[in-house]
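The values are calculated or read from the model by the stated rules, or taken from the named source; none is laboratory data. Everything numeric here is computed off the predicted structure, so don't read it as measured data. Cβ sites come from the backbone with ideal geometry, for glycine too, and all protein chains shown count toward neighbours.
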């Protein structure tokens, strides 16, 4: 459609200019196009708009009695014509050029023989469709930040005299390493793929990016190492900790004061006076990893704290990386809660850095298939879990050329392409309206009874960093077992979540009409905020109960493979062919591309 | 300008004797009356989206519009271009399923008119 909407900050669809017949109609019409909502109604179950008709009435062309495909009802005299005879009707009667498609509620100009667009008519469609839908979601669900936060212009910062003095006094410069000259370095720049490309050769002499440091495996802890590597290089999280926003010394002092003031009735003081704070251990890790020392780091302190926090997972067995990720975010959230500040809702991200970075909002619409009433709920989320298509890829229709000779060979009609799917397909499936089965009837407030419903998900607010979790396991209720899905998933390095936003999904639901008057003006609808860049991929190899996690990190436009203590520079194609389990994307405006000065990463 | 002036004369009921309706038309009316046609349409839509047919057609339309130039394309053009391709590429499984549904509908509804 209108691909030049990038210039339009409100992302509204720009209408093509009206044809002269439409202009003439608009200036002449008595009642106006907007009042046509009385002639429209929604057709259950999906609520498509159509022209009102008596039940059982079959609209037919006035000239040829054809009841089939596209029928147009003249706006001036209500005569129905098929696409063949509509131009005759228009030619015979001036002023009768504009008609409406009876099944699709789209305007048509019979003289120009083409579809035309009008905002008043689109408004009529929306009015007709939304008469049964609740007007707006209660704003209190999103906490006290219902207002759009003000956007400030980006202004680059440079220190002034007193600030420069402070920087000079209170910091020690980190030494820049020349290539891999350091003998204790475990980072190799050997290209692990078969064909050495020129780009990798060129960067083998460039200084390695900061923060690249192996993590020792402490006993089946690759699930932890892989997620930690991704988090260590999550732009906002890294900046937060490196700018000392959570200082572990200060935090420990504060909590020690708190426990000595309170009575020691808390069972957790078995740690001997030190409070568990995952953020403190993370802070220590950031300092160690970004110190410039390239020897592999052992996150033992962090592991110990995490065991104390998640005692049910405190063992040397293999665990799920995603489970660890969620657990860790919860751990950071718990400790950051300040009892003196008013509790803020998780989706606003005001509670802790974990939610500030990862928290987004999902919108779920449940529509009754009988009456069309839709109820909407907003839920905060820290990641998006996507199903993989358990069948072997979407069925392609390429095999149908066998139809010509009339033979239906079994192989042709199967039409299944083995094992590829893409992230976009998973997202499309995620936001597709899903018919809930007859055994899952939900209560409809309008019908006051349980009815079969349609559920549709969409993304209301994109988090600053989006984590996609690919559900690579399927349960077979028949065989009563679960297995891992090894199917290859293609994922892009740059992703536009625009079509999966609530605003886009709503607009599509109304047939791409101009107005989406649902009171839903999320600031995520700004074009720039829906473009994301990939920066980390956590991959898994192996079976459901035993396998190995790796992380691929994108720094300075180069890819590095982090396999516990071993870090290697790899090519893009290696990353693309890996089996993605968790994908980390950051909003493009926050993404640091390689700058000319490779020292600053 | 009064709307009644432009309205054509209401069709005379004598002009459409029932016995002129073909079997196909009778079945169509029965399908619509019982609401089955609506269900079949939705089922067909679902299946065609699932198997990627709709996306293929969309891609064809886009390619055609790009080739002809965005402002030189009309709905009629597009329909003319993609209808044959569209009809040919509907998967057999979808056709079979819908035929089955129609068949079972026909056996379940008494057709006194026939």
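At-a-glance table
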item: Restricting the stretch B:72-83 to residues that are out of contact with any helix residue (DSSP H, G or I) (no Cβ under 7 Å at 6 or more places or on another chain) and either within 8 Å of chain A (Cβ to nearest Cβ) or surrounded by 16 or more Cβ atoms within 10 Å (Cβ to Cβ) (or both), the residue that is farthest from residue B:28 (Cα to Cα); result: B:74
item: Verdict on residue B:67 being more than 11 Å from chain A (Cβ to nearest Cβ) and at pLDDT below 85; result: no
item: Restricting the stretch A:23-35 to residues that are at pLDDT 75 or above and within 13 Å of chain B (Cβ to nearest Cβ), the residue that is nearest to residue A:104 (Cα to Cα); result: A:35
item: Tally, over the stretch B:84-93, of residues that are more than 9 Å from chain A (Cβ to nearest Cβ) and either under 20 Å from residue B:49 (Cβ atoms) or modelled with pLDDT under 90 (or both); result: 3
item: Selected residue (criterion: surrounded by the fewest Cβ atoms within 10 Å (Cβ to Cβ)) from residues of the stretch A:541-567 that are within 26 Å of the chain's Cα centre (by Cα) and assigned to a loop (DSSP other than H, G, I, E, B); result: A:557
item: The stretch A:568-601, residues that are at pLDDT 90 or above and in a loop (DSSP other than H, G, I, E, B); result: A:571, A:577, A:578, A:579
item: Tally of residues being crowded, with 16+ Cβ neighbours inside 10 Å, farther than 30 Å from residue B:109 by Cβ and within 11 Å of chain A (Cβ to nearest Cβ) across the stretch B:34-60; result: 3
item: Single unsatisfied condition, residue A:335 versus (1) crowded, with 16+ Cβ neighbours inside 10 Å; (2) modelled with pLDDT of 85 or more; result: (2)
item: Which listed residue, of A:78, A:69, is within 9 Å of another protein chain (Cβ to nearest Cβ) and either at pLDDT 80 or above or part of a helix (DSSP H, G or I) (or both); result: A:78
